[in-house]
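Here is the structure we will look at.
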Amino acid sequence: MPRMARVKTEQSIFHIMCKSISEVQLFKDSDDKEKYLSLVKKYKELYNFKIYGYCIMNNHSHLIIDANGSDISRVMHGINFSYAMYFNRKYEREGHLFKDRFKSKIVDNDRYLMTLSLYIHNNPNDICEYKNCPEKYAFSSLSTFLGKRRDSFRLVDYGFVLKLFGSCIKIARKNYYNLIFVNNEENLNEESELKDEINLKEDFEFKDEKTEYKNERKIIIRNFKPDDVVEFVSQKMNISKTKIRMKYSRNLVEPKALIVVLMRSLCNFKSKEICKILGNITQARVSKLSSIGINFIDTKEKHKNIIEEFINCYS
């Protein structure tokens, strides 16, 4: 029987859940969880999506992702495929790791976003060690929401969700804390009917306040032209466009890597399409250049804002 087509749009916010096959624990130690989060960060930088919360448990993961114009299937395939390769190498195994496709639900209103955020952050309560203290669990964004720990992976836009819980950060964090710790057993027990069964506290100051966060979001429309990418990088690095397409030159690694990142991020191009544009390059090399380009953006001050610079230049 054919699988149902996934419901998705590039403008949606998604609740993503991934599970391992029944006989394998998805994350066997802290290093595995850190590796998964590092891959989420890598693909976040590559595709410019946003994270509104996460929780990585032993046999499954929860992510709240704002696609921000990207293709969520391509994003999650990249993350999970890379993690499965890492996992199989580390534990000397073969075969599938994840159970079917990742699960996804579109978050279609403020109430669902609020309750979903509370739900995934409540997951560590199922671990005896973290019962009634889920904020101490290292692989959840809850402590960042509560202001107890910095976001070491620089993953989460917690302010976007917290503003739904109060008029200022202090009040929002207090309200969020109360819902997690006062009402966790009563209100956050069943994810399957999340939108219908979870009752938020009735006396919140924002109860009657109408919010339209979708109107406030600025979605990246990824219709940029590859020629513009090459032109932009060639001017920025003072290298001719003809030279950029030359094969085998160490001096061209940096500009090519940046071009690959921009094309994958803002043109939604696949490796095969980038090969045709750049010429004299393999798909494996495109994949390697993606990682190199992301590292350049992450570590070199002059490239830190290159994606924003390009968008401002060609929007």
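The values are calculated or read from the model by the stated rules, or taken from the named source; none is laboratory data. Because the structure is a prediction, the values reported are computed rather than measured. Cβ coordinates were reconstructed from backbone atoms using ideal geometry, including for glycine residues, and neighbour counts include every protein chain displayed. Ligands, DNA and RNA are stripped out before the accessible areas are found, and what is left, the full protein with its side chains, is counted by its heavy atoms. Shrake-Rupley method; radii C 1.70, N 1.55, O 1.52, S 1.80 Å.
A few notes on this one:
- Residues that are at pLDDT 85 or above, of a type in the set (F, W, Y) and open to solvent by less than 30 Å² (accessible area, probe 1.4 Å) do not occur anywhere in the range 212-219.
- Residues in the range 305-315 that are of a type outside the set (S, T, Y), open to solvent by 20 Å² or more (accessible area, probe 1.4 Å) and either at positive phi or assigned to a helix (DSSP H, G or I) (or both): E308, E309, I311, N312, C313.
- If you go through the range 101-122 and keep only what is of a type in the set (A, V, I, L, M, F, W, C) and either closer than 20 Å to H60 by Cβ or touching a strand residue (DSSP E or B) at 6+ places or on another chain (Cβ under 6 Å) (or both), you end up with F102, I106, V107, L113, L116, L118, I120.
- Condition broken by K302, with the remaining ones in (1) over 27 Å from V40 (Cβ atoms); (2) surrounded by fewer than 17 Cβ atoms within 10 Å (Cβ to Cβ); (3) without any contact (Cβ under 8 Å) to a residue 24 or more places away in the chain satisfied: (1)
- Sole exception among (1) open to solvent by 10 Å² or more (accessible area, probe 1.4 Å); (2) at pLDDT 95 or above; (3) under 24 Å from Y112 (Cα atoms) for I64, by number: (1)
- Out of N132, N125, sole residue that is at pLDDT below 95, more than 21 Å from the chain's Cα centre (by Cα), open to solvent by 50 Å² or more (accessible area, probe 1.4 Å) and not small (G, A, S): N132
- If the condition is being at pLDDT 85 or above, part of a helix (DSSP H, G or I) and of a type outside the set (S, T, Y), then the range 220-251 contributes P226, D227, D228, V229, V230, E231, F232, V233, Q235, K236.
- Tally of residues being in a loop (DSSP other than H, G, I, E, B), free of Cβ contacts under 8 Å to residues at least 24 places away in the same chain and within 24 Å of L39 (Cα to Cα) across the range 149-168: 4
- The listed residue being polar (S, T, N, Q), modelled with pLDDT of 90 or more, within 30 Å of D298 (Cβ to Cβ) and open to solvent by 60 Å² or more (accessible area, probe 1.4 Å), out of N88, N58: N58
- Subset tally (residues that are in a loop (DSSP other than H, G, I, E, B), within 23 Å of F81 (Cα to Cα) and open to solvent by less than 60 Å² (accessible area, probe 1.4 Å)) for the range 252-298: 4
- Selected residue (criterion: modelled with the lowest pLDDT) from residues of the range 97-122 that are touching a Lys or Arg at 6+ places or on another chain (Cβ under 9 Å) and of a type in the set (A, V, I, L, M, F, W, C): F102
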